[in-house]
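Inspection log for the structure reproduced underneath, given as structure tokens.
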Amino acid sequence: MDWIRIASDPYWFVLVVSFLGIAVWETCRARRELAAPLGTRWGKHSLIWISGGILTRGLYGVGPVLVAASVEGSRLGLLNQPWMPFAARCILALLLLDLTKYAVHRAWHSFPILWRVHQVHHSDPEYDLSTTFRFHPIESLVTQGVYLSVVVVLAPPPVAVLAAELSRAFLGFFAHANASLPKWVEKIARVVFITPDLHRIHHSVEEWEQVKNLGENFSCWDRLFHTYVPEPAAGQAAMITGLRGFQNPGSLGLTFMLTQPFLPERPERRPERREEQPSPSVPLATAD
Ligand SMILES: [Zn+2]
């Protein structure tokens, strides 16, 4: 089977259609007004996404679907067992791959050295679908490396990995949308999925909220591991997103995003200051 074409064409189609669809949704029903011009946000965030993509693809050469296709015949894979029904292998694969994403995301928040890198995603002074692109290339590289390793260990059906990739292409933009679902839809959707209102809480300036709602696609992991928070303490309308001290236009600079992990630690991140009121924004970064 030509997995190169099967994996690539639908992925790019879903990615582009999802981006355009969520962009229209945000434009028509924006949750909050953005201070920075959309062109600047989308342009700068696309650049760091492309940097990560080039590095990741250059180093690994293949994506998760092709890795799954290459280990399809392996009898050592945890899910590649003849006694296991195909449907069960697909469902387990979707769940375990999403659990991997939850665990990796939790690790980025749990270890100071990893947080230094992941904070680039959180230092976005605002929040919209382009935040989906805002990951430091080191994070893209490490996350993809772990993910590909898990695919090798599980040896899941390639079609299940493709389904996971397609859902990620849509749900990534969806979770970062500067928009909210109608209340009744939100109530149903959040039972299964991470919605924009849930994931926005994860991007709060409040540090205790930053370690909540860590799931990528499914909300069950946050419920299971007690990291689920239904509403922000300040309320959806009043909550502030980003990192304290980085809410200035300079935080959108490509040079700033690439170098942030290597900058001296900001005092705002020290645990003993957690309960203090937000400090005024300090212009640290320089836009490029
Ligand atoms: Zn995070």
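The values are calculated or read from the model by the stated rules, or taken from the named source; none is laboratory data. Predicted model only: the values in this text are computed from it and were never measured. Don't worry about glycine lacking a Cβ; one is built from the backbone with ideal geometry, like all the others, and counts go over all protein chains shown.
(1) out of contact with any Ser or Thr (no Cβ under 8 Å at 6 or more places or on another chain); (2) free of Cβ contacts under 8 Å to residues at least 24 places away in the same chain: which one isn't true of Leu79, the others all being true?
(2) is the only condition that Leu79 fails.
Given the conditions (1) surrounded by 15 or more Cβ atoms within 10 Å (Cβ to Cβ); (2) free of Cβ contacts under 8 Å to residues at least 40 places away in the same chain; (3) among the aromatic types (Phe, Trp, Tyr), which single one is not true for Tyr102?
Tallying (1) surrounded by 15 or more Cβ atoms within 10 Å (Cβ to Cβ); (2) free of Cβ contacts under 8 Å to residues at least 40 places away in the same chain; (3) among the aromatic types (Phe, Trp, Tyr), Tyr102 fails exactly one: (2).
If you check every pair at least six apart or on different chains, which have Cβ atoms under 7 Å apart with a residue in region 133-154 that is within 25 Å of Ser251 (Cβ to Cβ) and modelled with pLDDT of 95 or more first and a residue that is in a loop (DSSP other than H, G, I, E, B) and of a type outside the set (A, V, I, L, M) second?
Taking only residues 6 or more apart or on different chains, the pairs are Arg134/Asp124.
Here's the yes/no breakdown for (1) modelled with pLDDT of 95 or more; (2) in a loop (DSSP other than H, G, I, E, B); (3) more than 14 Å from the ligand (Cβ to nearest atom); (4) under 25 Å from Thr259 (Cβ atoms):
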| position | (1), (2), (3), (4) |
| --- | --- |
| Gly58 | no, no, yes, yes |
| Ser74 | no, yes, yes, no |
| Leu78 | no, yes, yes, no |
| Met84 | no, yes, yes, no |
| Leu95 | yes, no, yes, no |
| Thr100 | yes, no, yes, no |
| His109 | yes, no, no, yes |
| Leu114 | yes, no, no, yes |
| Asp124 | no, yes, no, yes |
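Does Leu129 satisfy the criteria of being away from the ligand (no atom under 14 Å from the Cβ), touching a residue at least 24 places away in the same chain (Cβ under 8 Å), within 22 Å of Leu15 (Cα to Cα) and in contact with a Pro (Cβ under 7 Å, 6 or more places away or on another chain)?
Against the criterion (away from the ligand (no atom under 14 Å from the Cβ), touching a residue at least 24 places away in the same chain (Cβ under 8 Å), within 22 Å of Leu15 (Cα to Cα) and in contact with a Pro (Cβ under 7 Å, 6 or more places away or on another chain)), Leu129 does not qualify.
If Thr255 passes every condition in (1) at pLDDT below 95; (2) in contact with a helix residue (DSSP H, G or I) (Cβ under 7 Å, 6 or more places away or on another chain); (3) under 19 Å from Thr132 (Cα atoms); (4) surrounded by fewer than 19 Cβ atoms within 10 Å (Cβ to Cβ) but one, which one does it miss?
In the conditions (1) at pLDDT below 95; (2) in contact with a helix residue (DSSP H, G or I) (Cβ under 7 Å, 6 or more places away or on another chain); (3) under 19 Å from Thr132 (Cα atoms); (4) surrounded by fewer than 19 Cβ atoms within 10 Å (Cβ to Cβ), Thr255 misses (2) alone.
With the requirement that a residue be part of a loop (DSSP other than H, G, I, E, B) and hydrophobic (A, V, I, L, M, F, W, C), what does region 224-263 give you?
Phe225, Val229, Ala233, Ala234, Ala237, Ala238, Met239, Ile240, Leu243, Phe246, Leu263
Here is a list: Trp184, Trp221, Trp208. Which entry is of a type in the set (A, V, I, L, M, F, W, C), within 16 Å of the ligand (Cβ to nearest atom) and either surrounded by fewer than 17 Cβ atoms within 10 Å (Cβ to Cβ) or assigned to a loop (DSSP other than H, G, I, E, B) (or both)?
Among Trp184, Trp221, Trp208, only Trp208 is of a type in the set (A, V, I, L, M, F, W, C), within 16 Å of the ligand (Cβ to nearest atom) and either surrounded by fewer than 17 Cβ atoms within 10 Å (Cβ to Cβ) or assigned to a loop (DSSP other than H, G, I, E, B) (or both).
Kindly provide the set of residues from region 187-205 that are away from the ligand (no atom under 12 Å from the Cβ), in contact (Cβ under 8 Å) with a residue 40 or more places away in the chain, in contact with a helix residue (DSSP H, G or I) (Cβ under 7 Å, 6 or more places away or on another chain) and farther than 20 Å from Leu94 by Cβ, ordered by number.
Answer for region 187-205, where residues must be away from the ligand (no atom under 12 Å from the Cβ), in contact (Cβ under 8 Å) with a residue 40 or more places away in the chain, in contact with a helix residue (DSSP H, G or I) (Cβ under 7 Å, 6 or more places away or on another chain) and farther than 20 Å from Leu94 by Cβ: just Pro196.
Taking the stated definitions as given, is Ala233 surrounded by fewer than 14 Cβ atoms within 10 Å (Cβ to Cβ) and out of contact with any Asp or Glu (no Cβ under 8 Å at 6 or more places or on another chain)?
no
Those residues that are more than 16 Å from the ligand (Cβ to nearest atom) and in contact (Cβ under 8 Å) with a residue 24 or more places away in the chain, I need them from region 224-233; list them, please.
Of everything in region 224-233, those that are more than 16 Å from the ligand (Cβ to nearest atom) and in contact (Cβ under 8 Å) with a residue 24 or more places away in the chain turn out to be Pro230, Glu231, Ala233.
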